[in-house]
1. If you build a Gaussian network model of the chain, linking Cα atoms that sit under 10 Å apart, which residue out of Ser118, Ser76, Ser135 swings the most?
2. Do any cysteines in the chain lack another Cys Cβ under 4.7 Å, and if so which?
3. Where does the chain land on the Kirkwood hydrodynamic radius, alpha-carbon pairs, in angstrom?
4. Note down the net charge around Ala271, summing +1 for each Lys or Arg and -1 for each Asp or Glu among other residues with Cβ under 12 Å from its Cβ.
5. Roughly how much of Val306 is accessible, in Å² to the nearest 10, using a 1.4 Å probe?
6. Need the list of lysines near Lys183 for cross-linking: C-alpha distance under 30 angstrom, and skip anything on the same chain fewer than eight residues off.
7. Determine the sum of side-chain charges near Pro102: Lys and Arg each +1, Asp and Glu each -1, restricted to other residues whose C-beta is under 12 angstrom from that of Pro102.
8. Where Lys and Arg each count +1 and Asp and Glu each count -1, what net charge lies around Leu19 among other residues with Cβ under 10 Å from its Cβ?
Amino acid sequence: MKARATCPLDCPDACSLLLTLEEGRLVRVEGDPSHPVTRGFACAKTYRYPERAKARLLYPMRRVGRKGEGRFERISWEEALGEIAERLKAILDAHGGEAVLPYHYAGTMGLVENQHPSAFFRAIGASELEETICSTAGSAAWEMTYGPRLAPDPEEIPENARYILLWGINSLSTNSHLTPFLKEARRRGAKVVHVDPYENPTSRFADEHLKLRPGTDAALAYALAHVLFREGWVDRAYLEEAATGVEAFQEEAARWTPQRASALTGVPEEAIERLARELGEAKQVFVRVGYGMTRHPGGGNALRAVILLPALLGAWRYPGCGAMLSTSGAFPLNKRFLGGRHLLEGARPHEGYFRPNPQAR
Ligand code: SF4
């Protein structure tokens, strides 16, 4: 029997999958060739699911040796749950809910499965934890700049993008499904440039690799903006219609001559001038950014400077052009009861006011 599914792992690509089941057991996982974006691809983490699933833990095991010794004994569910409940209750009675710090992440990205452990811990008034710092600065930076994390439709890139910047992302490894669109865009004449501190498969794929010193992305972005303003390559009509704060941005860009940026970034001055000219001439530009640059002091603002380049060029006017970080969380979803948010203290906990509720028990 065949069934269709979506890959549940914490990965932005959400591959469409075809599953083969025999007597109710999963025996094969393949990419679904009929999906227009993921096109039959599934990576090694996922198509090997059936063999990995065999090694899964099926029942509770209690450690019997020293930590790290690897010795466990099988116990019943009653014993396991009873022991955990007893220990938790002792802590709650002695110290209250906030003495418990739950830590979990996404076993699968299904919203209910991902969030359900939180409902239990919120019901006992446990401490709250910001579970990831991986994408927080980048997401905040994008939202301050453009609002919701919307992005061009990848299917529209090949026909429209004349210039593609892959900035701070090894997209060939981490956004596999963009690659066919990049190849097709290049076949139709687009230039692909990789901006990244280190060489990786994406640099080798790109037409050009600009290697900058880690943490200097903002200087390079401002220097490119400097040249775009200086040469009159910015789309003033678009900025008037769609942007605020242009003067302040231009003032900052005026301070970042290619010469000054070159000394800081290590990118040759003439390469900065040439890249700016090519962007200015192409106008129909697509910029794919990654989160790496945001993991430096001032990294959120670096990302903001980079993703504003297509706005300066008026690239957002064209389908398939503009900038892309992630569309995660861009679409409205009623999370009021997800993960027991209604159990938190405060008038509107579902709007992000995370505070444990001592009365929850
Ligand atoms: S690339 Fe791999 S992990 Fe990501 S969605 Fe596809 S199959 Fe899943």
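The values are calculated or read from the model by the stated rules, or taken from the named source; none is laboratory data. Small disclaimer: the values here were computed from a predicted structure and weren't measured. Every residue, glycine among them, receives a Cβ derived from its backbone with ideal geometry; neighbour counts consider all protein chains shown. Side chains included, ligands, DNA and RNA excluded: accessible areas come from the protein's heavy atoms. Shrake-Rupley method; radii C 1.70, N 1.55, O 1.52, S 1.80 Å.
1. Ranking Ser118, Ser76, Ser135 by mean-square fluctuation puts Ser76 first.
2. Within the chain, the cysteines lacking a partner Cβ under 4.7 Å are Cys11, Cys43, Cys134, Cys321.
3. 23.7
4. -2
5. In the full protein context, Val306 sits at about 0 Å².
6. Lys45, Lys191, Lys211, Lys283
7. That works out to -2.
8. +1
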